[in-house]
Structure formats: structure tokens, C-alpha cells
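What follows is a short report on a single structure.
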Amino acid sequence: MEEKVSAAAGLHGRRGYPAVRSLGIAVDENNVRPGALQLIRELRPQWETERVKTKLFTDGITNKLMACYMDEGMADAVLVRVYGRKTELFVDRENELKNFQVLRAHGCAPNLYCTFQNGLCYEFMQGTALGPEHVQQPQIFRLIAWEMAKMHAIHTNGSLPKPSLWHKLHKYLTIVKTELITKSPGLSNHSPLLEMLEQEVAWLKEYLSPLGSPIVLCHNDLLCKNIIYNEIKGLFHSCPVVERRE
């Protein structure tokens, strides 16, 4: 059921990049269509809601993704991405939005139409979602490598990049302690497995930090189905969870 929230719009953005429209709408991840259509009424007021077609993509692991469109070929489609429950525990949504804008400015991400309370709306990229059989082809894996190199070469307005790797790893371990252990009486904060993981993180930080590896923007969700191939336009990687990594 669609949550009744005011659709009052605001704007937020990063200095030097276009402001992104913010809609006060929440979409039910278990029933995406009503909330998606509410968003479309705001983003595409000229569309007749009763004629809007929808397609729910089912390959996602944590997020729900629905395309809303009028054209049979989906050339005008708007993608509605609904965040999975509790994904905000390990994904910094504000930082994700900033990085999305940076990527778009460098031709590495689709047009971003708006944010809403628990997701994003952005441009639909026409093409084929790749599978394991595609990424084994030399012309495809070379394109993937090229796109990743392009992303890694991006510098954001001369700001000094800071790595998120160690902070993120410690955050994951904290989540395991607070979320998993509280629901699993057989586990404890002093589990040998947890202690071993913490020791490994400390060891990795001790030995890898002095190497001086470049800190770059990384995709962090490069599943086959997140890579869209269009024979005419080339390769697209859909909505990465971008962060700075060493």
C-alpha cells in the first residue's frame, strides 16, 4: 500500500553540479507500482497515469527496480529504484547521491531525475543486461575494463580523496555485532569468528596502507546484470554503489 506522504519537492545537489529534485514520497518495496505512479505524476505530469506501462525487474538482490513508460519500445522509460530494507545501514545515501552526480558529469552514469524518501528515479539505458556468457567475449570484457578505467580516472573538483575501505569494513563488523548477534542467541560479541575477522582487517590495514595505492572511485557492485550493453552506444553500468577505495 502506498504511504501517504506529501509530495512537496525540494532541491539538493553538490556544488558545481545541477541540483537534483527531492520528492517527499515513500514507495512500498513490496508493492512498488502505486508509489512509482505517484512519482511519475510528479516527474511526467503530461503522461496519462492510466496509460503508463510498468515493468518490474527481478534480478536485483537488495533493491527493487521498476520501469515506467508510455512508448512500447521503452525509449521514454523512467526507472524507479527502491532501496532494500536496512541497506542504509551500510550504504551512505548522501554520499551515493554526490558520487552519482560526479559520474553523470563525466558520462559514466544515466541522467538522475529525482530522489525520493527511499530511492532514486533515473534514466533507462536501452540495451542487454549481460550474463556470464557475454563477459567472456574479448570485445565485451575489454569494454568493461575501459569503462572501469574511465571511472577510476575521475577526480572530483580537486578535492583530496579519502578512502572508505577501512571505515566500511569496521562498519560491517559493527553491523554483524549489533544486528546479527542480537537475533542469534547462540552467537556472542566474543565469537572466535568475529575476533578472527577483526584481526584480519587490522592485518590488512597494517600491511596495505603503507603501499600508497591510488585512491579512486570504484563501482562496488559490478554484477553481470548491472552491466548494460548497447551495440550502437556502447556499454553502460547501471547505478553503481560508488565509493572511494584504495
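Does Leu79 fit the bill of being buried (at least 18 other Cβ atoms within 10 Å of the Cβ), in contact with a Leu (Cβ under 7 Å, 6 or more places away or on another chain) and within 18 Å of Asp59 (Cα to Cα)? So Leu79 passes the test.
Collect the residues in segment 90-147 that are of a type in the set (Phe, Trp, Tyr), surrounded by 15 or more Cβ atoms within 10 Å (Cβ to Cβ) and under 26 Å from Pro163 (Cα atoms), keeping them in residue-number order. Scanning segment 90-147 gives a single hit, Phe100.
Which numbered condition trips up Ala75, out of (1) free of Cβ contacts under 8 Å to residues at least 40 places away in the same chain; (2) assigned to a loop (DSSP other than H, G, I, E, B)? If we test Ala75 against (1) free of Cβ contacts under 8 Å to residues at least 40 places away in the same chain; (2) assigned to a loop (DSSP other than H, G, I, E, B), just (1) comes out false.
Conditions tested, residue by residue: (1) surrounded by fewer than 12 Cβ atoms within 10 Å (Cβ to Cβ); (2) at pLDDT 90 or above; (3) assigned to a helix (DSSP H, G or I).
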position	(1), (2), (3)
Arg14	no, no, no
Tyr17	no, no, no
Arg41	no, yes, yes
Leu56	no, yes, no
Gly60	no, no, no
Met66	no, yes, no
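Tell me, yes or no, whether segment 114-122 has at least one residue that is closer than 26 Å to Ile40 by Cβ, in the same structural domain as Asp59 (by TED's automatic domain parsing), part of a loop (DSSP other than H, G, I, E, B) and touching a residue at least 12 places away in the same chain (Cβ under 8 Å). Scanning segment 114-122, I find at least one residue that is closer than 26 Å to Ile40 by Cβ, in the same structural domain as Asp59 (by TED's automatic domain parsing), part of a loop (DSSP other than H, G, I, E, B) and touching a residue at least 12 places away in the same chain (Cβ under 8 Å), so the answer is yes.
Residues in segment 78-113 that are in contact with a Ser or Thr (Cβ under 6 Å, 6 or more places away or on another chain) and not in a loop (DSSP other than H, G, I, E, B) were compared, and the one that is nearest to Lys55 (Cα to Cα) is Thr87.
The values are calculated or read from the model by the stated rules, or taken from the named source; none is laboratory data. A quick note: this is a predicted structure, and the numbers were derived from the prediction, not measured. Don't worry about glycine lacking a Cβ; one is built from the backbone with ideal geometry, like all the others, and counts go over all protein chains shown.
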